[in-house]
Structure formats: structure tokens, C-alpha cells
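Participant: I am attaching a structure below and will ask some questions about it afterwards.
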Amino acid sequence: MPITFNEENKIFHLTTPNSSYIIAIMACGIPVHMYYGKKINIFSMPDEKMFEIEGYSFSPQIDMDKYGKFTLDIIPCEYPSTGDGDYRNPAITILQQNGSKIVRLLYAGYKIYDGKPELKGLPATYVEEKSEAQTLELYLYDNVAKVKVTLKYTVFNDYDAIARSTEVYNYGSEKIVLLNAQSACIDMDNKNFNFIHLHGSWARERHIKSVPLNCTAVTIDSKRGVSSHNENPFFALAEKGATENCGEVYGFNLIYSGNFVASADMNYLNSIRAYIGINTYNFQYVLERNESFQTPEAILVYSDCGFGKMSRTFHSLYRNKLCRGQFRDDKRPILLNLWETAKFNINEKVVFDAAKEAKELGIDLIVIDDGWFGSRNSTKGSLGDWNINKEKFPGGFKQLSDRLAEIDIKLGIWIEPEMVSPDSNLIRQHPEWCIHTPDRNISKARGQYVLDFTKQEVRDHLYNEIYDILSSADISYVKWDMNRGLSEVYSDALSPESQGEVSHRYVLGIYELMDRLTSAFPDILFEGCSAGGARFDGGILYYMPQIWVSDCTDAVERMYIQHGTSLVYPSSCMAAHVSDVPNHQLKRVTPFDTRTNIAMAGRFGYELDVLSLTQEEKILVKVAIQRYKLYEDVIHHGDMYRLISPYETDYTAWQFVSDDKSKCVLIYGNTRAVTQMFSTRIKLKGLLNNREYTEINSGRTYSSDMLENFGILIRQDIDYSSEMMIFELE
Ligand code: DGJ
């Protein structure tokens, strides 16, 4: 049984294959976090006196007569509340009618059941059979504030992961205002942790950063309305000295696409409190009698073997139990996106000419990016007017897709549903449909406004518009873009006291539209995008199995970005394209095969001018596509090992091993040439013991222990050189 409850000691013990998570209910009814870490088979309750503190009058005791020196100030709380003598950051704060914000949550019961509940309106991991997981619901009550808080925990049989979320229910007769409700909070022993996070900016997303957790809080967040380029809703607490392959690492990831906060703090008692959830910034949520609020889901992953194992757990969980639809398992088309080549100068001739050449090269699908609608010839106008520009596409997408079908190539399109241009028919007809605050200027970003997705009529309008476009022709792929953060956040559809709900309701609104459209068009491959990777998160992955990693397509920068992204997200969801040089963003010139090899570690595609390719480059494209098609299963369904980090060396090396370990793909590249480093060798991982593998380019055969211990010699003497090696079991 993955979840057990010891009635006598009031201990809940949640187990995954290699980890234990233990909660104890104290005599006073407070749930205490006892342990999270390497699996403990039998846990017996230690002396409750461990939670008493001597000689310190500044920690209030909740009831000296009944519970002695027991104080909330020092105990490891399971879900810390506000204002009751615990001076650390709370996981929940509720404003009540009398002005009090105090919450004290006491245990009132539990339920353990097979399977995993859906989170209404929110993306979440799922099970296909009830037997795959077990769920604990822990019921906590505050009988003064009249709230019931349900802490939900799902443990998966096959993954060292725990899915946590929180539901707050108002059972009183008066309304309450939720000011803070974290998805997960955990108090842990101090293990000299480093706080690892994914930091960046536009075209430089998800670079790995590490901060030692000392006596100050480390907090990352987004206030932009999207999960953001700047921080990803992920952090890890890594025991000091943890590496790719050893040491304890705890990963926390929020399945959410809007404002979030994540924080860890070492307190004066030398213990750690960490939490992740919706940002309290500009957030308050009114709960009337009998209403409830469900937080997004947080995924907690434990690894006793470093970052590599943590990532492989996230990867397989997200690949199999977060991504959905036919493209979760099916092969996906190799596409050519025309954005970097054509920008807004797109028309039927440009598409068709490129498509003919693309087909010759082996490409499956051609994507019309921005610029096909209204009078869109720059970023200045037409967003929201989703009517096909007949000067550019005289026969609409139908005529084009018919012509493309004749040469056996599929059609994909770009769209940015959440936006509207100030110069658009949509905003002229419905000026109240964009997010704005009364009497204030509306800030533009990239020349555009954001539509008020809290409004059902806005979502219905977009559903109908996009439905019509997607039904008008044989469209096989949609890139769903979103190019600005939210500002002047306010909705005239909501009362003044509910304005703190707008950012969250916006996210729920986009999820609803994504759900409706992806359900209506299950055969279309949807790809998420947000000015590159500003919304690269598990929330989007629930609706769209791949996301454009970054607007930076430079192969060297991509080594850093893809390496960082892989800390949490699998290669199967990272869209990566071979682009022209000098690179559009960084002007760097990298070899064609390096651009190819690095893109092959993601969802492979092209973003270059196929009509200008040299004969030699055309051969490289054809060979690459053939090779990718042969080994994409290994790359996207196998285990990933990050062998060398560009953050620590001048090299990047990634290895993908098939489930049965019969095939393995090694991709490496350098970020700068270095001289006289002839002895650098890459040591492979995860192979079968005492077997032989043949590298198919060279035809050389190696023993698995030689590959894992002696390694493969790599070149370092040419700038930005790279190689892709394939090993097959003899
Ligand atoms: C931003 C995206 O990241 C790009 O790939 C491209 O689609 C442009 N938007 C189009 O406006």
C-alpha cells in the first residue's frame, strides 16, 4: 500500500518506489511534517518532546496546560497557517469579516483511495487506471474562520513523485477572502542545501543558477501573468555537493502558467521551510458561503542520486502522465517554420515554393507563422482580426492546403488568441474586451493589448473564430503564441473586491479555451509559445505536448537553454529548429551540423531559407531527417543523462538511452574551442553490463564497461564543433 495510516500514532506514511513522506497528527490536532526523503520501511513515532524548546519565551505555546511547551513556532508544519505563533512564512492566509487574518487548521479526518482526482479547470498529472496511484485527502478545519482545507497528495506507483494541491472551502455563512493559499509547503531538516532555479530573459531562458541557502530567504516569482522568461515555476533543494549522479535532491514544480512564487528559507532553528504556489502579489480571492478554491498542482520529486535521477523522474512523469492526446505517443511531423525567413512577407507563393523544396528534403509540414491575417504587415496591427488576408492567400488556407496535399506536405499555422491590436476591428467593436483599469492609460507591449479572458463572451468569440479557421482547410499543426505580460490588471466583469482574482481567472480562461480547441481538433498538433519560452511550464504541456523553447535559435545559446530546460522538462516537449547563420538573434556563425545536432535533442525542425541551401547543406538535411526518424524514439522516450554541463565546462553532452538499453544516442557540442585538451573523454551511462555496443558512424565496437569507464574521446579544437553518435547493442 503506497499510503498507510497508523491509527494509534496518527501517522500517515506515503511511499513511492524510493521515497517516504510522513505526516503525524499531534495530540492538539496540528498536522506535523515528520519526514521527506529516502524510503523508510517502518517508521515509529519519536517522542513528541522533540517539538519542545527550552528557555525561550518568545515562542508562544498554544495551550500550556494541555500540551506543555508545544509551540507552533518550532514544529515542522505540514501546512502552516497565519498569526498563531508560527513566525515563519504561512502557506495560507484568510481575511475574515471581522478583519482577522488568523487561521489555525486542525485535523478532522482523512480519506485514502485508489486513483487520482481531476482538478476542475486546472491542468494536472493524471492516471489512466486507478491502480496506478493512491491519493490521501487530509481534512483540516478552522472552526472560527469556518474553513475546511483539504490537502491532497497523490503518490504514483512507478514514479518517485508526489502530486500535492490544496482546496479551501468556506462552510460559514459569511464570505471570506483568501489572500494566500500555497499549493505545497514543506518544513525540512537543513542539509546545507543549495537552491537551484531556472533564471533568464527573452532569448536566454532557463539558465541554471544555484544559491546557497543560508539565513536569508531565497524567493523566485513571476508577476507578469505568465510563468515568464525570467523564472520558471521550478526549484530544487540540493544537498551541498550534490552532482548529476549523487546526493539528495528535492525538485518542486508548479503545474501552472501564471503568477507564481517559490521560496525557501532557513530559520533560526536551522530548519528549512519551502513552498510553491500562486503568487500573493495582486491576489485575493473571494469565497462566498459554500464556495471553494482549488490551487494548482505542485509536483515534488525526490532523488537520492543527484539531479540526473530527479530530471528522469520529471521527464517520464510528464511524458506519460501530464502530456495527453494522440501526439503524446505518436510520432510528430518534422516541420519547417517560415518565421525567421519570411517574417511578415508571407503569402501563398512563398509558402508553396518553400514547401516544394521542403518536401524534397524530407520535411513533413510547413508552418505559416505571424502575418497571414487582417492587414498584418508588422507588429502594429490586426491581432484579433482572424480573417485570412486574401491578397496574401487568395484562395484561403483551403486552396493552399489542397495544393500542399498534392505534393504531400502538411500545413500548420500560427495564432495569438489572447491578444488584440489597438488597430483592429475587434477592439473597435468591443473596446471593453481588453484588460484595462478604468480611467487609466492602457500600456502596450509589442504594440498590443491583452484580451480579458475572464469573460466568457471573449472566450466564446475566440473559440468560434479559431474553430472556423481550423475547419476551413486541412490544418495539421497550430503554434499558439502569447507575446506580452499583463498590466493594468482589472476586469469590469468582476466586482471591486474580486479584482485580485483577475490574473488567476485569466489563466483559467486560457486553459478553458485550450481545452475546448484541443478537444475539438484532436488530430492537430498544438505547440505552445510565448515570445519564445515565457510560458514553458507543465500547465501548457497538459494541453500542448510541445513548446517553442526560445526565440534564440543559436546552437551555442541553445546548449545552455536546452540543458537548463531539461532539468524538469523532457526532450519530447522541447521544440528546437535548425536556423540560418549568422544567427538572427546573436549573429553567431555555427556549423550546419552543430545546429542540426543540438536541434535533434528536441522536437526537431527547421527555421531557415530552404531555397538558399547549398547542395552540401541539402544533403546534410536529408541525412539528418532520415537519422532523426530512425532514432527519435530513443531521444524522446528514452532516459536522458546530462553527461557534461556547459555551465561548468566548454562542452555540452547529452545521452539518451532506449528503455531496453539496446540503443543510445550521444549528442555533444562545444561552446568554444580549447587547445591541447586531447584527453577529454565522455563517459556514457545507463548501458547494459558486460555487453558490446557498436557506434554506427565509425563501425567501431566497444564494451559497455569501456564506454562507461574509459569513455569516448571528443574533439575540442574547432569552435562550436559537435557530433551525434549512435550506439547499438551487438
Ligand atoms: C514570437 C515567437 O516566439 C516567434 O517564434 C514568432 O512566432 C513571433 N512571435 C511572431 O510574431
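Participant: Given the criteria assigned to a loop (DSSP other than H, G, I, E, B) and modelled with pLDDT of 95 or more, does R627 qualify? Let's see the steps before the verdict.
Facilitator: Values: assigned to a loop (DSSP other than H, G, I, E, B): no; modelled with pLDDT of 95 or more: yes.
So R627 does not fit the description; no.
Participant: Does Q399 meet the test of being surrounded by fewer than 20 Cβ atoms within 10 Å (Cβ to Cβ), more than 33 Å from the chain's Cα centre (by Cα), in contact (Cβ under 8 Å) with a residue 24 or more places away in the chain and away from the ligand (no atom under 16 Å from the Cβ)?
Facilitator: Details: surrounded by fewer than 20 Cβ atoms within 10 Å (Cβ to Cβ): yes; more than 33 Å from the chain's Cα centre (by Cα): yes; in contact (Cβ under 8 Å) with a residue 24 or more places away in the chain: yes; away from the ligand (no atom under 16 Å from the Cβ): yes.
Considered against the rule, which asks whether it is surrounded by fewer than 20 Cβ atoms within 10 Å (Cβ to Cβ), more than 33 Å from the chain's Cα centre (by Cα), in contact (Cβ under 8 Å) with a residue 24 or more places away in the chain and away from the ligand (no atom under 16 Å from the Cβ), Q399 comes out as yes.
Participant: Let me ask another. Identify the residue in the range 461-480 that is part of a strand (DSSP E or B) and among the aliphatic types (A, V, I, L, M) and, among all such residues, is farthest from H430 (Cα to Cα). Working first, answer last.
Facilitator: We begin by selecting, within the range 461-480, every residue part of a strand (DSSP E or B); these are 475-480.
Pick out the ones that are also among the aliphatic types (A, V, I, L, M) and you get 475, 478.
Values: I475: 29, V478: 26 Å.
Here the answer is I475.
Participant: In this structure, does R484 turn out to be under 25 Å from D221 (Cβ atoms), part of a loop (DSSP other than H, G, I, E, B) and modelled with pLDDT of 95 or more? Step through it out loud before you land on a result.
Facilitator: On the way: under 25 Å from D221 (Cβ atoms): yes; part of a loop (DSSP other than H, G, I, E, B): yes; modelled with pLDDT of 95 or more: yes.
The answer is yes for R484.
Participant: Quickly run through the range 362-375 and pick out the residues that are part of a loop (DSSP other than H, G, I, E, B) and either buried (at least 21 other Cβ atoms within 10 Å of the Cβ) or more than 16 Å from the ligand (Cβ to nearest atom) (or both).
Facilitator: Step one: filter the range 362-375 for residues part of a loop (DSSP other than H, G, I, E, B), giving 362-364, 369-372, 374-375.
Within the range 362-375, G362, I363, D364, D369, D370, G371, W372 qualify.
Participant: Quick test of your reading of the structure: N232 fulfils all but one of (1) under 23 Å from H33 (Cβ atoms); (2) assigned to a strand (DSSP E or B); (3) modelled with pLDDT of 95 or more. Name the failing condition by number.
Facilitator: Condition (1) is where N232 drops out.
Participant: Right, here's the next one. Between a residue in the range 538-552 that is farther than 14 Å from H315 by Cβ and β-branched (V, I, T) and any residue that is in a strand (DSSP E or B) and more than 13 Å from the ligand (Cβ to nearest atom), which pairs come within a Cβ distance under 7 Å, given they are 6 or more apart or on different chains?
Facilitator: If the second residue must be in a strand (DSSP E or B) and more than 13 Å from the ligand (Cβ to nearest atom), the pairs left are V549/M574.
Participant: Can you tell me which residue within the range 471-502, out of those that are more than 16 Å from the ligand (Cβ to nearest atom) and of a type in the set (D, E), is surrounded by the most Cβ atoms within 10 Å (Cβ to Cβ)?
Facilitator: E501
Participant: When residues of the range 105-154 are filtered for being under 21 Å from M26 (Cβ atoms) and not in a strand (DSSP E or B), how many remain?
Facilitator: Qualifying residue count, the range 105-154: 4.
Participant: Now a separate question. Would you point out the residue of the range 192-217, among those that are β-branched (V, I, T) and within 23 Å of the chain's Cα centre (by Cα), that is farthest from G532 (Cα to Cα)? Even if it seems obvious, please write down each step before you answer.
Facilitator: Going residue by residue through the range 192-217, those that are β-branched (V, I, T) are 196, 208, 211, 216.
Of the ones still in play, those that are also within 23 Å of the chain's Cα centre (by Cα) are 196, 208, 211.
Numbers: I196: 22, I208: 18, V211: 26 Å.
Here the answer is V211.
Participant: Can you name the residue in the range 402-417 that is in a loop (DSSP other than H, G, I, E, B) and within 16 Å of the ligand (Cβ to nearest atom) and is also surrounded by the fewest Cβ atoms within 10 Å (Cβ to Cβ) among such residues? Outline the logic, then answer.
Facilitator: Going residue by residue through the range 402-417, those that are in a loop (DSSP other than H, G, I, E, B) are 407-409, 416-417.
Add one more test, that the residue is within 16 Å of the ligand (Cβ to nearest atom), and what stays is 416-417.
On the way: E416: 23, P417: 25.
Filtering first and then ranking leaves E416.
Participant: Taking the range 432-460, which residues are within 21 Å of L513 (Cα to Cα) and not in a loop (DSSP other than H, G, I, E, B)?
Facilitator: Those that are within 21 Å of L513 (Cα to Cα) and not in a loop (DSSP other than H, G, I, E, B): E432, W433, C434, Q448, Y449, V450, L451, Q456, E457, V458, R459, D460.
Participant: In the range 243-274, what residues are of a type in the set (S, T, N, Q) and surrounded by fewer than 23 Cβ atoms within 10 Å (Cβ to Cβ)?
Facilitator: Let us first name the residues in the range 243-274 that are of a type in the set (S, T, N, Q), namely 243, 245, 253, 257, 259, 263, 267, 270-271.
Correct list: T243, N245, S263, N267, N270, S271.
Participant: Which residues, counting only those in the range 526-572, are more than 16 Å from the ligand (Cβ to nearest atom) and hydrophobic (A, V, I, L, M, F, W, C)?
Facilitator: L541, A555, V556, M559, L567, V568
Participant: Also: When you check G225 against the structure, is it touching a strand residue (DSSP E or B) at 6+ places or on another chain (Cβ under 9 Å) and either among the basic types (K, R) or over 28 Å from Y153 (Cβ atoms) (or both), yes or no?
Facilitator: Details: touching a strand residue (DSSP E or B) at 6+ places or on another chain (Cβ under 9 Å): yes; either among the basic types (K, R) or over 28 Å from Y153 (Cβ atoms) (or both): yes.
When the stated conditions are applied, G225 passes them.
Participant: Take D353 and decide whether it is surrounded by fewer than 16 Cβ atoms within 10 Å (Cβ to Cβ) and in a helix (DSSP H, G or I). Talk me through it step by step, then tell me what you get.
Facilitator: Working: surrounded by fewer than 16 Cβ atoms within 10 Å (Cβ to Cβ): yes; in a helix (DSSP H, G or I): yes.
Taking the combined requirement at face value, the residue satisfies it.
Participant: Kindly state which strands (runs of 3 or more DSSP E) lie completely within the range 506-603 and contain at least 3 residues that are over 17 Å from the mean Cα position of the chain (by Cα). Can you show your working first?
Facilitator: Details: elements: 525-528, 546-548, 574-579.
The strands (runs of 3 or more DSSP E) meeting that bar are 574-579.
The values are calculated or read from the model by the stated rules, or taken from the named source; none is laboratory data. A quick note: this is a predicted structure, and the numbers were derived from the prediction, not measured. Note: ideal-geometry Cβ built from the backbone for every residue, glycine included; neighbour counts use all protein chains shown.
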